[in-house]
Amino acid sequence: MIDLKKINLEKAIELIKQKKISSKELVSFYLKEAEAKKELNAYIYLNSDNAIKLAEESDKRIANNNARPLEGIPIAIKDLFCTKDVLTTAASKILSNFKPAYESTVTQNLWDAGAILLGKTNLDEFAMGSSNETSFYGAALNPWSKNKKEYVPGGSSGGSASAVAGGIAIAATGTDTGGSIRQPASYCGIIGLKPTYGRCSRWGIVSFASSLDQAGPMTKTVNDAAIMLDVMAGHDKKDSTSANLEKTNFYNNLKINKKLKIGIPKQYKNDQLDKEILNFWELGKEFFKKNNCEIVEIDLPHTEYALATYYIISSAEASSNLARYDGIRYGFRKDSEEIINLYENTRSVGFGEEVKRRIMIGTYVLSAGYYDAYYLKAQKVRSKIINDFNQAFEKVDVIFTPTAPTDAFEKGTKIDDPIKMYLNDVFTVPISLAGLPAISVPIGLSKNDLPLGFQIIGKRFDEDSVLSAAKIIETNANFKKESD
Ligand code: GLN
């Protein structure tokens, strides 16, 4: 008997192709598990009936030897990707009844490769947050929660991370604007890859901050992330920022023995970092050295400004992107006689606290009197941060840092203090500002017995080196995957 609980995406593809398991068995297994683990609150919507129907169609294709690369594989999709005729909420009340008339390019790519929509996963409202607690549907739970303590799965792609780590999805999609794939991956002990900005199309993904948003895979293994990226990535005429590059094959390019120069940025080693994180950092360096990689200290001098820069730019873009939710065109409406009151009422009731905070910050930094002092200044600092990375990458192939300053925190401990919450993103946002690819890979367990991930950052469009370096950490750390 094959234990479906234990298999990863790579294995599932193999077993389906060899007809050792059917798509229907696999889909049914995950639907059943998802129902049984409802307390994780990882899904906003489960595609129960339709997924089984699609699995039966896949099984026919497999029987006729017409299988596509991900034939019959159920995939969990962050509820920020528009899925045609299927509820797409962005975890907001304002979109709580929204069924798009179109499919996002990334999800379409998955379906064209034979994958099946398993369900839509929970997230922070409009992907704004680092704990999943801003979701209109309530926070998803970190499956590593224990001893009556409830830990957050991280955010914003917390539902996807919780689903993969909790064994109720074999792989999932996430989106990352300032860390939302990497940080939850770190908190839940899975792999989370944010590709280079422009690698995956943004078309049909509910926009948060358009110059930063990027889709990527959240998986059990590095190989699985490469398999997913191969399908998700690609040029799309419908997204003007999508890169037009020759198709490569990340999975085939994954070689463990790439000799890499690994950069360690001085500025990331701040005094507040816990000793155990520093110890894991040393351990990671040892893993690289064992694999004939060279460790080089590097300088990223503008690191300390990244967090402020990110929150100015992302909020400015969010305030503009979210202007479209007026109660007329989308979702929820709070009626009123006067049109201006309709807008006001709809937006007051439809958006949650954090989203309103971002809209207010964004409107403020873009307003006539403050534009130069905040927005324009932030754009200039962004250029300096990009330049820091360009210079560092003249000396090294990839950069190795912690993903987040801590392990997962307890639910409720930061939600009332936005600054404390924003500080979780200190190691992930510089990479987003520079549009670089980065992955989070688990390295071990903290003293609280919770997973800790480390981040590998690459040059623009060099996901190959990022994945290879991640594989070195994965192989050596031999992290225990199951949270139960
Ligand atoms: N935590 C960050 C924020 O709240 C990042 C979110 C994201 O990457 N979507 O903006």
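The values are calculated or read from the model by the stated rules, or taken from the named source; none is laboratory data. Because the structure is a prediction, the values reported are computed rather than measured. Neighbour counts run over all protein chains shown; Cβ positions are idealised from the backbone, glycine included.
Just name the residue that is farthest from the ligand (Cβ to nearest atom) out of those in region 126-145 that are at positive phi and assigned to a loop (DSSP other than H, G, I, E, B). Even if it seems obvious, please write down each step before you answer.
Step one: list which residues in region 126-145 are at positive phi, which gives 126-127, 129, 132, 138.
Imposing the further condition that a residue be assigned to a loop (DSSP other than H, G, I, E, B) reduces the set to 129, 132, 138.
Numbers: Gly129: 5, Asn132: 10, Gly138: 18 Å.
Step by step, filter region 126-145, then rank; the result is Gly138.
With more than 16 Å from the ligand (Cβ to nearest atom), in contact (Cβ under 8 Å) with a residue 24 or more places away in the chain and in contact with a Phe, Trp or Tyr (Cβ under 7 Å, 6 or more places away or on another chain) as the only criterion, which of Asp397, Asp464 stands out? Walk me through how you get there before you give the answer.
Details: Asp397 fails: in contact with a Phe, Trp or Tyr (Cβ under 7 Å, 6 or more places away or on another chain).
When all the criteria are applied, what remains is Asp464.
Looking only at residues in region 268-294 that are farther than 14 Å from Ile473 by Cα and hydrophobic (A, V, I, L, M, F, W, C), which one is surrounded by the fewest Cβ atoms within 10 Å (Cβ to Cβ)?
Taking region 268-294 as the starting set, the residues that turn out to be farther than 14 Å from Ile473 by Cα are 268-279, 294.
Now drop any that are not hydrophobic (A, V, I, L, M, F, W, C), which leaves 273, 277-278.
Numbers: Leu273: 15, Ile277: 20, Leu278: 12.
Top of the filtered list is Leu278.
Whether any residue in region 417-433 is away from the ligand (no atom under 15 Å from the Cβ) and either touching a residue at least 60 places away in the same chain (Cβ under 8 Å) or of a type in the set (D, E, K, R) (or both) is what I want to check.
The first filter runs over region 417-433 and keeps only residues away from the ligand (no atom under 15 Å from the Cβ), leaving none.
So far as region 417-433 goes, no, none of its residues is away from the ligand (no atom under 15 Å from the Cβ) and either touching a residue at least 60 places away in the same chain (Cβ under 8 Å) or of a type in the set (D, E, K, R) (or both).
Collect the residues in region 304-348 that are surrounded by fewer than 21 Cβ atoms within 10 Å (Cβ to Cβ) and among the aromatic types (Phe, Trp, Tyr), keeping them in residue-number order.
Selection gives Tyr305, Tyr330, Phe332, Tyr343.
What number of residues within region 170-200 satisfy the criterion of being in a loop (DSSP other than H, G, I, E, B), within 13 Å of the ligand (Cβ to nearest atom) and in contact with a strand residue (DSSP E or B) (Cβ under 6 Å, 6 or more places away or on another chain)? Don't jump to the end; show me each part of the working.
First, pick out the residues of region 170-200 that are in a loop (DSSP other than H, G, I, E, B): 170, 177-181, 189-190, 195-200.
Narrowing the set further to residues that are within 13 Å of the ligand (Cβ to nearest atom) leaves 177-181, 197.
Next, only the ones that are in contact with a strand residue (DSSP E or B) (Cβ under 6 Å, 6 or more places away or on another chain) stay: 181, 197.
Residues that pass the stated criteria total 2.
Among the residues of region 415-469, which ones are over 21 Å from Leu273 (Cα atoms), of a type in the set (S, T, N, Q) and more than 16 Å from the chain's Cα centre (by Cα)?
Within region 415-469, Ser465, Ser468 meet the criteria.
Assuming Ile361 fulfils every condition listed in (1) touching a helix residue (DSSP H, G or I) at 6+ places or on another chain (Cβ under 7 Å); (2) touching a residue at least 40 places away in the same chain (Cβ under 8 Å); (3) away from the ligand (no atom under 16 Å from the Cβ) apart from one, which condition is it?
(3)
Give all pairs with beta carbons closer than 6 Å in which a residue from region 146-160 that is over 18 Å from Glu39 (Cβ atoms) and within 16 Å of the ligand (Cβ to nearest atom) meets a residue that is assigned to a strand (DSSP E or B) and not polar (S, T, N, Q); count only pairs at least 6 apart in sequence or on separate chains.
Ser157/Lys78; Ser157/Gly174
Condition (residue is within 16 Å of the ligand (Cβ to nearest atom) and among the aliphatic types (A, V, I, L, M)) applied to region 289-303: is it met by at least one residue?
Restricting attention to region 289-303, the residues satisfying the condition of being within 16 Å of the ligand (Cβ to nearest atom) are none.
No, every residue in region 289-303 fails to be within 16 Å of the ligand (Cβ to nearest atom) and among the aliphatic types (A, V, I, L, M).
Quickly run through region 434-461 and pick out the residues that are away from the ligand (no atom under 16 Å from the Cβ), surrounded by fewer than 24 Cβ atoms within 10 Å (Cβ to Cβ) and under 26 Å from Lys380 (Cβ atoms).
Lys459, Arg460, Phe461
Using the structure shown, decide if Gly369 is more than 16 Å from the ligand (Cβ to nearest atom), of a type in the set (Gly, Ala, Ser), crowded, with 20+ Cβ neighbours inside 10 Å and part of a loop (DSSP other than H, G, I, E, B). Lay out the reasoning, then the answer.
Working: more than 16 Å from the ligand (Cβ to nearest atom): yes; of a type in the set (Gly, Ala, Ser): yes; crowded, with 20+ Cβ neighbours inside 10 Å: no; part of a loop (DSSP other than H, G, I, E, B): yes.
Spelling it out, it is not the case that Gly369 is more than 16 Å from the ligand (Cβ to nearest atom), of a type in the set (Gly, Ala, Ser), crowded, with 20+ Cβ neighbours inside 10 Å and part of a loop (DSSP other than H, G, I, E, B).
Being more than 14 Å from the ligand (Cβ to nearest atom), among the aromatic types (Phe, Trp, Tyr), within 30 Å of Glu57 (Cα to Cα) and in a loop (DSSP other than H, G, I, E, B) is the requirement here; does Trp203 meet it? Even if it seems obvious, please write down each step before you answer.
Working: more than 14 Å from the ligand (Cβ to nearest atom): yes; among the aromatic types (Phe, Trp, Tyr): yes; within 30 Å of Glu57 (Cα to Cα): yes; in a loop (DSSP other than H, G, I, E, B): yes.
Yes; evaluated as a whole, the condition is true for this residue.
Take the residues in region 306-343 that are in a helix (DSSP H, G or I) and either away from the ligand (no atom under 16 Å from the Cβ) or in contact with a strand residue (DSSP E or B) (Cβ under 6 Å, 6 or more places away or on another chain) (or both); name whichever of them is farthest from Ile264 (Cα to Cα). Break it down into steps so the answer makes sense when it comes.
At the first step, the residues of region 306-343 found to be in a helix (DSSP H, G or I) are 306-324, 339-343.
When the remaining residues are screened for being either away from the ligand (no atom under 16 Å from the Cβ) or in contact with a strand residue (DSSP E or B) (Cβ under 6 Å, 6 or more places away or on another chain) (or both), the result is 323-324, 339-343.
Details: Ala323: 41, Arg324: 42, Ile339: 55, Ile340: 53, Asn341: 53, Leu342: 53, Tyr343: 49 Å.
Only one residue tops the list, namely Ile339.
For Ile359, state whether it is closer than 23 Å to Thr177 by Cβ and assigned to a helix (DSSP H, G or I).
On the way: closer than 23 Å to Thr177 by Cβ: yes; assigned to a helix (DSSP H, G or I): yes.
Against the criterion (closer than 23 Å to Thr177 by Cβ and assigned to a helix (DSSP H, G or I)), Ile359 qualifies.
Tell me the helices (runs of 4 or more DSSP H) entirely within region 1-89 that contain at least 1 residues that are more than 30 Å from Asn252 (Cα to Cα). If you could, list the steps in order and put the result at the bottom.
Details: elements: 9-17, 23-36, 48-63.
Helices (runs of 4 or more DSSP H) meeting the threshold: 23-36, 48-63.
Please go through region 247-267 and pick out each residue that is modelled with pLDDT of 95 or more and of a type in the set (Ser, Thr, Tyr).
Result: Tyr251, single match.
Each row is one residue, and each column tells you yes or no for (1) at pLDDT 95 or above; (2) within 16 Å of Phe461 (Cα to Cα); (3) away from the ligand (no atom under 16 Å from the Cβ); (4) in contact with a Phe, Trp or Tyr (Cβ under 6 Å, 6 or more places away or on another chain).
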position	(1), (2), (3), (4)
Ser210	yes, no, no, no
Asp213	yes, yes, no, no
Thr219	yes, no, yes, no
Asn223	yes, no, yes, no
Val231	yes, yes, yes, no
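Of everything in region 97-120 that's outside any helix (DSSP H, G or I) and touching an Asp or Glu at 6+ places or on another chain (Cβ under 6 Å), which residue is nearest to the ligand (Cβ to nearest atom)? Show your work before the answer.
First pass over region 97-120, keeping only residues outside any helix (DSSP H, G or I): 97-104, 113-120.
Pick out the ones that are also touching an Asp or Glu at 6+ places or on another chain (Cβ under 6 Å) and you get 99, 114, 120.
On the way: Lys99: 23, Gly114: 28, Lys120: 16 Å.
Looking at residues that are outside any helix (DSSP H, G or I) and touching an Asp or Glu at 6+ places or on another chain (Cβ under 6 Å), I get Lys120.
Tell me the residue from Leu118, Leu87, Leu95, Leu80 that is within 19 Å of Ser157 (Cβ to Cβ), among the hydrophobic types (A, V, I, L, M, F, W, C) and surrounded by fewer than 20 Cβ atoms within 10 Å (Cβ to Cβ), please.
Values: Leu118 fails: surrounded by fewer than 20 Cβ atoms within 10 Å (Cβ to Cβ); Leu95 fails: surrounded by fewer than 20 Cβ atoms within 10 Å (Cβ to Cβ); Leu80 fails: surrounded by fewer than 20 Cβ atoms within 10 Å (Cβ to Cβ).
None of the other options fit; the residue is Leu87.
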